[in-house]
Amino acid sequence: MNVLLKYFPDLSATQLVQFEQLLPLYQSWNEKINVISRKDIDQLYERHVLHSLSIAKFIRFKSGSQILDLGTGGGFPGIPLAIFFPDVQFTLCDSIGKKIKVVDEISTVLKLQNVRTHYGRAEEMKKQFDFVVTRAVAELEQLIRWSQKLIFKKSFNSLPNGLIVFKGGDVQSEVKKITRHTQVHAISECFDEEYFSEKYLIHVSL
């Protein structure tokens, strides 16, 4: 938790309680279903929660925004973002039912009224969103194909509507293939922990 307070010292009492609950909840669920790498569970706040919240260093979603977390897995980045942005609506999507069950259960315990889940593939969704966010491991071109029809045309946030992707390592080779307007943000500009040295957020306008 200390690493969160280091960068987000103004969390409300409710948010602090919700974030504190994450570790015991994920430790408990991880014993039944492997939703987080075993080696990462002890680094939950740095490698999953803070990593997810790096989005909040680049954009503050306006109240009423609609966000889709594509391939949410155990709920990242969706659950930390839903705690951080209580006035924003989040839909967490995954094609693995047991992972959606974990997300549903954790959201219920945390009383997150702004979280919905979708069990299935993003391509099947009829709803539209302001942003698709994802830590899913897929090529940018593929993520764009999945996301384009899911994005509202009209933007009202500080960034144009589109796709926000978490990537690591050498991202330039993927970015060069993209014809749409793309911005690459180094997370290490915001967080000084070594873990973030080659971690990036890529925003693609759709």
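The values are calculated or read from the model by the stated rules, or taken from the named source; none is laboratory data. Not measured: the values here are computed from a predicted model. Note that each Cβ is placed from the backbone with ideal geometry, even for glycine, and that neighbours are counted across all protein chains shown.
Each row is one residue, and each column tells you yes or no for (1) at pLDDT 95 or above; (2) under 25 Å from Gly169 (Cβ atoms); (3) of a type in the set (A, V, I, L, M, F, W, C).
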| position | (1), (2), (3) |
| --- | --- |
| Phe61 | yes, no, yes |
| Thr91 | yes, no, no |
| Val109 | yes, no, yes |
| Gln113 | yes, no, no |
| Ala138 | no, yes, yes |
| Glu141 | no, yes, no |
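Among the strands (runs of 3 or more DSSP E) contained in the stretch 75-157, which hold 3 or more residues that are of a type in the set (S, T, N, Q) and within 15 Å of the chain's Cα centre (by Cα)?
Details: elements: 89-94, 115-119, 131-134.
In the stretch 75-157, no matching strands (runs of 3 or more DSSP E) lie anywhere.
State whether one or more residues within the stretch 138-151 are hydroxyl-bearing (Ser, Thr, Tyr), touching a strand residue (DSSP E or B) at 6+ places or on another chain (Cβ under 8 Å), more than 28 Å from Lys32 (Cα to Cα) and in contact (Cβ under 8 Å) with a residue 12 or more places away in the chain. Step through it out loud before you land on a result.
Pass one, the stretch 138-151, residues hydroxyl-bearing (Ser, Thr, Tyr): 147.
Now restrict to residues that are touching a strand residue (DSSP E or B) at 6+ places or on another chain (Cβ under 8 Å): 147.
Those left that are additionally more than 28 Å from Lys32 (Cα to Cα): 147.
Restricting the remaining residues to those that are in contact (Cβ under 8 Å) with a residue 12 or more places away in the chain gives 147.
Yes - at least one qualifying residue is present in the stretch 138-151.
Residues Phe61, Phe90, Phe76: which one is in contact (Cβ under 8 Å) with a residue 12 or more places away in the chain and touching a His at 6+ places or on another chain (Cβ under 7 Å)? Please lay out each step first, then the result.
Values: Phe61 fails: touching a His at 6+ places or on another chain (Cβ under 7 Å); Phe90 fails: touching a His at 6+ places or on another chain (Cβ under 7 Å).
The match here is Phe76.
Find the residue count for the stretch 31-56, including only residues that are touching a residue at least 24 places away in the same chain (Cβ under 8 Å) and buried (at least 16 other Cβ atoms within 10 Å of the Cβ).
15
Take Lys177 and decide whether it is farther than 18 Å from Pro77 by Cα and out of contact with any Gly (no Cβ under 7 Å at 6 or more places or on another chain).
Details: farther than 18 Å from Pro77 by Cα: yes; out of contact with any Gly (no Cβ under 7 Å at 6 or more places or on another chain): yes.
When the stated conditions are applied, Lys177 passes them.
Residue check, Ser63 against (1) in a loop (DSSP other than H, G, I, E, B); (2) closer than 18 Å to His203 by Cβ; (3) of a type in the set (S, T, N, Q), all met but one. Which one?
(2)
Somewhere in the stretch 175-189, is a residue under 15 Å from the mean Cα position of the chain (by Cα) and within 25 Å of Asn34 (Cβ to Cβ)?
no
Select from the stretch 118-129 the residues that are in contact (Cβ under 8 Å) with a residue 24 or more places away in the chain and surrounded by fewer than 21 Cβ atoms within 10 Å (Cβ to Cβ) and write down the one among them that is nearest to Leu16 (Cα to Cα). Reasoning before the result, please.
First pass over the stretch 118-129, keeping only residues in contact (Cβ under 8 Å) with a residue 24 or more places away in the chain: 118-122, 125, 127-129.
In the following step, the residues that additionally are surrounded by fewer than 21 Cβ atoms within 10 Å (Cβ to Cβ) were identified as 118-121, 125, 127-128.
Working: His118: 27, Tyr119: 29, Gly120: 32, Arg121: 33, Met125: 33, Lys127: 31, Gln128: 31 Å.
Filtering first and then ranking leaves His118.
Given the structure, is Ser158 loosely packed, with under 15 Cβ neighbours inside 10 Å, modelled with pLDDT of 90 or more and out of contact with any Pro (no Cβ under 7 Å at 6 or more places or on another chain)?
Values: loosely packed, with under 15 Cβ neighbours inside 10 Å: yes; modelled with pLDDT of 90 or more: yes; out of contact with any Pro (no Cβ under 7 Å at 6 or more places or on another chain): yes.
Yes; evaluated as a whole, the condition is true for this residue.
Determine if the stretch 176-186 includes at least one residue that is without any contact (Cβ under 8 Å) to a residue 60 or more places away in the chain and part of a helix (DSSP H, G or I). It would help to see each step written out before you state the result.
The first filter runs over the stretch 176-186 and keeps only residues without any contact (Cβ under 8 Å) to a residue 60 or more places away in the chain, leaving 176-184, 186.
Checking which are part of a helix (DSSP H, G or I) leaves us with none.
Within the stretch 176-186, not a single residue is without any contact (Cβ under 8 Å) to a residue 60 or more places away in the chain and part of a helix (DSSP H, G or I).
Using the structure shown, decide if Tyr200 is out of contact with any Cys (no Cβ under 8 Å at 6 or more places or on another chain), of a type in the set (Phe, Trp, Tyr) and farther than 28 Å from Ser63 by Cβ. Write out each step before concluding.
Values: out of contact with any Cys (no Cβ under 8 Å at 6 or more places or on another chain): yes; of a type in the set (Phe, Trp, Tyr): yes; farther than 28 Å from Ser63 by Cβ: no.
Spelling it out, it is not the case that Tyr200 is out of contact with any Cys (no Cβ under 8 Å at 6 or more places or on another chain), of a type in the set (Phe, Trp, Tyr) and farther than 28 Å from Ser63 by Cβ.
Tally the residues that are within 17 Å of the chain's Cα centre (by Cα) and of a type in the set (Val, Ile, Thr), restricting the search to the stretch 1-40.
2
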